[in-house]
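Just below is one structure, and these are the notes that go with it.
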Amino acid sequence: MTDSDRIPDAINVAAPRPERRTAARQPCRADLPFRLIVARRYECRWAKALDVSTSGISFLISAPLEEGTAVFLRLRGEPGAAPLTLLAEVVHATSHPDGNWMIGCRFDSVTGDLTGEERLQLQGLFQRGPEGGAGPGPLPQELTAKLYFPFAPVI
């Protein structure tokens with residue numbers, strides 16, 4: 001294990017933390033898997049979304065990530081469309097009772113320019129899935145174009 005892969009002891013402590021989110025959390029669809037790409041190592045993992053707000057997301061993965069790590073979150077878009085990509089920064093990693101790790105992240109578009117309305121639309125996507133279902137309709141084309149990032153692996 002290299003120093004860059006080492007998880008600081010502070011992350012391993014499961015002490016309660018004060019709430020830092022400024023937006024309300026909403027549960028994510030249980031069947032909405034996405035791919036997580038650790039930017040610095042270009043390492044891919046499957047992740048299971050837990051909850052989402054307009055500024056962040058928490059999910060389960062099999063191993064911890066260090067606070068401050070940059071990751072790409074890759075989601076399937078509309079059928080036949082390119083995947084959607086968000087850039088996220090790890091805020092915390094907490095061990096989960098099932099042996100996985102709960103990771104909390106702040107997210108934005110790769111260019112860092114999501115508006116409040118676009119954030120609400122993304123929150124809806126995590127709640128209803130890319131094919132629609134409950135909630136508002138598909139993402140506007142302008143937002144899907146903003147979330148297109150060709151340099152991350154296709155899922």
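Identify the residue in region 71-87 that is in a loop (DSSP other than H, G, I, E, B) and either among the aliphatic types (A, V, I, L, M) or out of contact with any helix residue (DSSP H, G or I) (no Cβ under 9 Å at 6 or more places or on another chain) (or both) and, among all such residues, is surrounded by the most Cβ atoms within 10 Å (Cβ to Cβ). Write out each step before concluding.
Residues of region 71-87 in a loop (DSSP other than H, G, I, E, B): 76-83.
This time we only want the ones that are either among the aliphatic types (A, V, I, L, M) or out of contact with any helix residue (DSSP H, G or I) (no Cβ under 9 Å at 6 or more places or on another chain) (or both), so: 76, 79-83.
On the way: R76: 18, P79: 8, G80: 5, A81: 14, A82: 15, P83: 21.
Only one residue fits best here, namely P83.
Residue check: is A81 under 14 Å from F126 (Cβ atoms) and of a type in the set (A, V, I, L, M, F, W, C)? In short, no. Just one of the numbered conditions (1) within 11 Å of the chain's Cα centre (by Cα); (2) farther than 19 Å from S53 by Cβ is not true of D98: (1).
Step by step: first the residues of region 56-70, then only those that are over 13 Å from W101 (Cβ atoms) and crowded, with 18+ Cβ neighbours inside 10 Å, then the one that is nearest to the chain's Cα centre (by Cα). Which residue is that? Steps first, answer last, please.
First, pick out the residues of region 56-70 that are over 13 Å from W101 (Cβ atoms): 56-57, 68, 70.
Those still in the list that are crowded, with 18+ Cβ neighbours inside 10 Å too: 56-57.
On the way: G56: 7, I57: 5 Å.
Checking each candidate, the answer is I57.
Checking each residue of region 79-90 against the condition of being modelled with pLDDT of 85 or more, farther than 19 Å from F149 by Cβ and among the hydrophobic types (A, V, I, L, M, F, W, C) gives no match. Look at region 24-45: where a residue is within 19 Å of L65 (Cβ to Cβ) and a partner is of a type in the set (G, A, S) and exposed (fewer than 15 other Cβ atoms within 10 Å of the Cβ), sitting 6+ places away or on another chain with Cβ atoms under 9 Å, you get V38/A70; A39/A70; R40/S4; R40/A70; R41/S4; R45/S62; R45/A63.
For region 100-131, the candidate set comprises residues that are outside any loop (DSSP other than H, G, I, E, B) and without any contact (Cβ under 8 Å) to a residue 40 or more places away in the chain; within that set, the residue that is surrounded by the fewest Cβ atoms within 10 Å (Cβ to Cβ) is E117.
The values are calculated or read from the model by the stated rules, or taken from the named source; none is laboratory data. Just so it is clear, the structure is predicted and the values come from calculations on it, not from any experiment. Here Cβ is always computed from backbone atoms with ideal geometry, including for glycine, and neighbour counts include all displayed protein chains.
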